[in-house]
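Have a look at the structure below before the remarks.
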Number of protein chains: 6
Amino acid sequence: MNESIQLIPGNSLITATPEEGRMLAVKMSRLIIKLTQPDAEMRDKLRPIYASDATMLILIGQSVAIEFATIAAANNYWK
Amino acid sequence: MNESIQLIPGNSLITATPEEGRMLAVKMSRLIIKLTQPDAEMRDKLRPIYASDATMLILIGQSVAIEFATIAAANNYWK
Amino acid sequence: MNESIQLIPGNSLITATPEEGRMLAVKMSRLIIKLTQPDAEMRDKLRPIYASDATMLILIGQSVAIEFATIAAANNYWK
Amino acid sequence: MNESIQLIPGNSLITATPEEGRMLAVKMSRLIIKLTQPDAEMRDKLRPIYASDATMLILIGQSVAIEFATIAAANNYWK
Amino acid sequence: MNESIQLIPGNSLITATPEEGRMLAVKMSRLIIKLTQPDAEMRDKLRPIYASDATMLILIGQSVAIEFATIAAANNYWK
Amino acid sequence: MNESIQLIPGNSLITATPEEGRMLAVKMSRLIIKLTQPDAEMRDKLRPIYASDATMLILIGQSVAIEFATIAAANNYWK
């Protein structure tokens with residue numbers, strides 16, 4: 001495993017607001033892709049594919065939703 | 001990340017009713033697609049593809065269901 | 001968003017029985033499809049596709065399962 | 001919705017054992033397919049397709065796993 | 001349903017260690033496939049397909065992850 | 001089942017930090033693939049396929065997200 005990539009920015013699931021928690025979910029989701037495909041050039045090639053394919057956009061949304069569920073629970077839903 | 005898109009309208013998961021919570025789930029799900037594909041013209045092209053493909057409609061439904069699970073728990077299920 | 005569609009019939013996740021909770025999960029799952037594809041004629045065209053494709057039937061089952069998990073928790077599992 | 005199909009046999013998520021809970025998860029998963037495709041002849045045609053396609057077997061397994069998670073929680077994991 | 005297959009070995013979700021819980025998740029996941037395709041010869045044909053297709057390997061991983069989530073909760077995460 | 005593969009390194013879900021928990025999620029996710037396809041040569045062939053296919057990268061991300069949800073709960077979200 002490429003140990004030099006930090007998978008959770010700030011090494012914490014706790015955020016000040018739901019919006020920041022949502023951004024963390026997006027980042028965590030993207031960092032797993034970076035870990036699996038560490039070649040920046042290859043990722044640059046794949047990016048337009050994600051962004052123009054309807055199925056992939058939806059699957060990315062599902063990933064973020066699953067990450068966010070964990071972050072929201074960690075923050076006791078910012079109640 | 002495009003910091004100018006607000007990913008959670010109102011920056012809160014708390015809603016007055018289940019119906020409003022459901023609408024928030026739909027919006028949050030759509031805003032991730034907007035973040036991943038910020039080009040409005042491209043999204044306009046993709047929209048009819050979502051809406052006329054049975055598999056995509058079901059996958060969108062799964063996304064909303066996952067987001068809603070989090071929102072419902074945050075609201076203690078509006079009990 | 002088409003505000004005229006009610007996404008949660010009765011605006012509540014609370015049901016008298018597990019069976020009624022299961023029906024609510026099915027309805028909520030279908031109403032998201034209705035929201036995403038509001039054209040009734042188009043939905044009528046898609047319906048036989050869902051019902052005769054094995055993969056789609058399974059994916060619909062997954063959607064209902066996720067919605068039901070939320071409804072069951074809301075009802076404290078009708079214990 | 002075809003109201004004549006009972007979606008949860010026994011109208012309860014409570015079972016005596018984990019094994020019975022697992023069987024209930026399988027049944028609930030199959031009954032959603034029956035609801036979506038009520039034509040028995042059509043379902044008979046689809047059955048061999050499920051059973052001989054590796055992807056579908058795995059997706060069915062995911063459905064059962066999600067249903068079982070709910071049933072297991074309802075039974076406090078039979079502890 | 002083929003009643004002769006036991007779907008949960010030992011008829012319990014409780015295990016001594018996380019490792020044993022993980023093995024149980026793998027077994028439960030495989031037993032659903034066995035239930036859906038009871039023909040051993042057909043399963044033998046499908047096995048190399050699972051094991052050499054990248055998408056299927058990932059989908060199997062998702063199944064095991066969902067089963068394991070339930071088992072881990074049942075064991076209070078072996079804390 | 002190949003009993004010689006350890007599926008959970010350290011046989012524990014408890015980690016010192018969220019970052020270590022995330023790495024454990026990645027490892028657990030990969031070890032299931034190793035269990036299902038124990039042939040190292042075959043896995044070496046599949047690795048570039050994972051890493052260069054956008055859909056697979058997203059599906060791997062979903063797997064890690066599900067594993068991480070369990071690990072995060074086990075650690076009480078490192079609060």
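The values are calculated or read from the model by the stated rules, or taken from the named source; none is laboratory data. These numbers were taken from a predicted model, which means no experiment stands behind them. Counting neighbours? That spans all protein chains shown, and the Cβs are built from the backbone with ideal geometry, glycine included.
The numbered conditions (1) under 22 Å from A:Met23 (Cβ atoms); (2) surrounded by 19 or more Cβ atoms within 10 Å (Cβ to Cβ) are all true for B:Ile58 except (1).
Say whether the condition of being surrounded by 17 or more Cβ atoms within 10 Å (Cβ to Cβ) and among the small types (Gly, Ala, Ser) is met by at least one residue in segment F:33-49. Looking through segment F:33-49, none of the residues is surrounded by 17 or more Cβ atoms within 10 Å (Cβ to Cβ) and among the small types (Gly, Ala, Ser).
If the condition is being at pLDDT 95 or above, surrounded by fewer than 15 Cβ atoms within 10 Å (Cβ to Cβ) and among the β-branched types (Val, Ile, Thr), then segment A:1-32 contributes only A:Thr17.
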